[in-house]
Amino acid sequence: MNAMKKYLAEFIGTFVLVLFACGTACVVGCSAENGTGYLLTALAFGLVIVAMAYSIGNISGCHINPAVSIAMLVNGKLSIKDFIGYVCAQVLGAIAGAAVLMVLVGKESGLGTNALYQGDIWMSILVEVILTFVFVISILGVTSKVENGAVAGIVIGLSLTLVHILGISFTGTSVNPARSLGPALLVGGDALACVWVFIVAPLVGGVLAALVYRFLSSEKK
């Protein structure tokens, strides 16, 4: 597959993720007290993954997340060149998605940006590392067998929904540096000041998931 086509697919996938999933958070709200909006936001993130997995998955693998790409890099399923290309495409797609969302709902909506849990950096890092670990290890597991191809998109989408159901109350759930960076760049202020947490923690969680899964799968063999 031509590299530029893979990068374009990643751009499109991340664009859709930010526009539709972060957009849902802006439109319906994601407060824990507002149960319907909370669940709709969690489902929106999962459903975008399902839609994109079955549309661009055969082109780029549908990472649309640097934390997933770094896990694939660690496990030898992605070259350094493609890792850089994927991450650049994902970030640009997230910025584009956030820009369109800003036109639709305004910067004041927050554009689905993340926030520190009770202002605590270390607690927020812990939450994001755990959430990302669970999400990425589910991806590594379900994509490890070719015969899982038919259901992989559904499993991955449900896994993302799962971590959002828990994580929204804490940090708004990032588990994706690109998804956090795009909106934060346009919103600025506190969202931009703390966005490094939502870049570093998911990457750490992705690397940990890759290392743990590699250990577990090698033991099985």
_Quick check on the stretch 192-221: of everything there that is in contact with a Pro (Cβ under 7 Å, 6 or more places away or on another chain) and not β-branched (V, I, T), which residue is farthest from G119 (Cα to Cα)?_
L203
*In the stretch 190-210, is there at least one residue being surrounded by fewer than 24 Cβ atoms within 10 Å (Cβ to Cβ) and among the small types (G, A, S)?*
yes
*Looking only at the stretch 135-153, decide whether some residue is aromatic (F, W, Y) and more than 19 Å from V50 (Cβ to Cβ).*
no
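Any residue that is basic (K, R) and surrounded by 24 or more Cβ atoms within 10 Å (Cβ to Cβ) - is there at least one of those in the stretch 175-182?
As a first pass, look at the stretch 175-182 and keep what is basic (K, R): 179.
Narrowing further to those that are surrounded by 24 or more Cβ atoms within 10 Å (Cβ to Cβ): 179.
Yes, the stretch 175-182 has at least one match.
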*For residues that are over 16 Å from L160 (Cα atoms) and either modelled with pLDDT of 95 or more or within 12 Å of the chain's Cα centre (by Cα) (or both), tally how many sit in the stretch 27-55.*
1
*List the helices (runs of 4 or more DSSP H) that sit entirely inside the stretch 86-196 and contain at least 3 residues that are within 14 Å of the chain's Cα centre (by Cα).*
121-142, 149-167, 177-187
*Report, ordered by the first and then the second residue, all pairs with beta carbons closer than 8 Å, sequence separation of six or more or different chains, a first member in the stretch 91-118 that is free of Cβ contacts under 8 Å to residues at least 60 places away in the same chain, and a second member that is surrounded by 19 or more Cβ atoms within 10 Å (Cβ to Cβ) and polar (S, T, N, Q).*
Y117/S124; Y117/T171
*Options S69, S55: the member that is among the small types (G, A, S), surrounded by fewer than 22 Cβ atoms within 10 Å (Cβ to Cβ) and out of contact with any Gly (no Cβ under 6 Å at 6 or more places or on another chain)*: S55
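For the stretch 56-85, how many residues meet the condition of being outside any helix (DSSP H, G or I) and touching a helix residue (DSSP H, G or I) at 6+ places or on another chain (Cβ under 6 Å)? I'd like the intermediate steps shown before the answer.
Initial filter on the stretch 56-85 (outside any helix (DSSP H, G or I)): 61-65, 75-79.
Checking the rest, the ones that are also touching a helix residue (DSSP H, G or I) at 6+ places or on another chain (Cβ under 6 Å) come to 62-64, 75, 78.
Total meeting the criteria: 5.
The values are calculated or read from the model by the stated rules, or taken from the named source; none is laboratory data. Only a predicted model underlies this, so the values are computations on that prediction, with no experimental measurement involved. Glycine gets a Cβ as well: all are built from the backbone with ideal geometry, and neighbour counts include every protein chain shown.
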